[in-house]
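The values are calculated or read from the model by the stated rules, or taken from the named source; none is laboratory data. From a predicted model like this one, the values you see are computed outputs, not experimental measurements. Here the Cβ positions follow ideal geometry from the backbone for every residue, glycine too, while neighbour counts run over all protein chains shown. With ligands, DNA and RNA removed, areas are computed over all heavy atoms of the protein, side chains included. Shrake-Rupley method; radii C 1.70, N 1.55, O 1.52, S 1.80 Å.
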Amino acid sequence: MAAAFRTVEPLEYYRRFLKENCRPDGRELGEFRATTVNIGSITTADGSALVKLGNTTVICGVKAELAAPAADSTNKGYIVPNVELPSLCSERFRSGPPGEEAQAASQFIADVIENSQMIVKEDLCIANGKLAWVLYCDIICLDYDGNLLDASVFALLAALKNVQLPSVIINEETGLSEVNLKQKSPLTIRKHPVATSFAIFDDALLIVDPTAEEEDLATGTVTIVTDEEGRLCSVHKPGGSPLTGAKLQDCITRAITRHKEVKKLIDKVIKSIMSK
């Protein structure tokens with residue numbers, strides 16, 4: 001009977017749970033789904049991570065290549081993020097060129113990288129005007145069940161912390177670059193941005209880490225990105241219900257708490273890898 005009611009009147013079904021300050025999956029309104037991270041999953045990448053947020057599964061692989069810096073920024077490298085939502089991750093996506101949601105997610109990731117200054121592009125320069133690193137960050141969703149942005153930012157951060165770049169010098173006699181694969185050093189991560197997403201129900205109620213079903217029923221969503229200093233890096237709100245200043249402050253406070261949880265999880269996994 002409950003399953004039939006959920007199918008016919010999904011919003012009303014949710015409202016009955018929300019009145020009791022809980023959700024159909026048993027979570028409280030401010031509770032995240034179980035989160036796991038696996039670092040170094042792709043051996044052919046220069047850095048990688050797989051993140052599971054409930055059923056939502058995202059993998060990020062980072063490939064580092066050498067290129068000449070742009071003429072207007074001779075002392076900077078490049079970071080090129082790309083989010084893919086293949087048809088295998090959900091029936092809502094189709095094969096072919098990137099859809100609107102994938103393009104919006106790619107732009108969001110690019111904005112987070114820029115606004116948070118997690119990587120300073122000057123750090124990717126090897127020789128001014130001659131040589132710099134290009135980091136291709138491919139984020140692929142393997143299983144989609146809502147809250148793609150949180151999982152993508154988490155996977156990107158964990159993958160970048162896994163990157164080891166070889167030593168590169170330019171031979172002054174020949175002018176050619178010489179790569180020493182035996183001498184590698186980790187990427188300099190300046191800031192650690194973490195995203196926390198909320199769904200807004202009936203223009204008033206906030207629930208954290210929405211599933212795909214909750215996102216579809218919500219009247220709006222908002223994503224807050226903070227760094228380890230509690231600094232606000234980004235607020236992403238693609239239309240929908242407006243938020244009061246007090247509600248937005250509640251979101252930021254929860255996002256700061258979530259940042260500590262995510263940072264602790266990444267540090268724990270990196271520590272376990274280092275000790276092997």
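Can you work out which of the residues in region 21-40 that are closer than 29 Å to Ala159 by Cα and among the charged types (D, E, K, R) is most open to solvent (accessible area, probe 1.4 Å)? Spell out the reasoning first.
Let us first name the residues in region 21-40 that are closer than 29 Å to Ala159 by Cα, namely 27, 30-40.
Filter once more, so that each one left must be among the charged types (D, E, K, R): 27, 31, 33.
Details: Arg27: 13, Glu31: 79, Arg33: 23 Å².
Step by step, filter region 21-40, then rank; the result is Glu31.
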For region 241-264, the count of residues that are open to solvent by 60 Å² or more (accessible area, probe 1.4 Å), in contact (Cβ under 8 Å) with a residue 24 or more places away in the chain and either under 20 Å from Ala151 (Cβ atoms) or part of a helix (DSSP H, G or I) (or both) equals 3
Checking Ser185 against (1) within 20 Å of the chain's Cα centre (by Cα); (2) within 29 Å of Ser48 (Cβ to Cβ), which single condition isn't satisfied? (1)
With (1) charged (D, E, K, R); (2) under 25 Å from Thr219 (Cβ atoms); (3) open to solvent by less than 70 Å² (accessible area, probe 1.4 Å) as the list, and Asp46 as the residue in question, which single condition is left unmet? (2)
If you go through Asp216, Asp209, the only one that is among the acidic types (Asp, Glu), buried (at least 16 other Cβ atoms within 10 Å of the Cβ) and under 24 Å from the mean Cα position of the chain (by Cα) is Asp209
In region 149-195, residue surrounded by the most Cβ atoms within 10 Å (Cβ to Cβ) [restricted to those that are among the acidic types (Asp, Glu) and modelled with pLDDT under 80]: Glu178
Which condition breaks for Pro238 when tested against (1) over 21 Å from the mean Cα position of the chain (by Cα); (2) part of a loop (DSSP other than H, G, I, E, B); (3) loosely packed, with under 14 Cβ neighbours inside 10 Å; (4) touching a residue at least 40 places away in the same chain (Cβ under 8 Å)? (1)
Report yes if Ile59 is among the β-branched types (Val, Ile, Thr) and open to solvent by less than 30 Å² (accessible area, probe 1.4 Å), otherwise no. yes
Restricting to region 227-256, give me the number of residues that are closer than 15 Å to Pro193 by Cβ and out of contact with any Cys (no Cβ under 6 Å at 6 or more places or on another chain). 12
Residue list for region 85-115, restricted to those being within 29 Å of Lys184 (Cα to Cα), surrounded by fewer than 17 Cβ atoms within 10 Å (Cβ to Cβ) and within 13 Å of the chain's Cα centre (by Cα): Ala110, Asp111
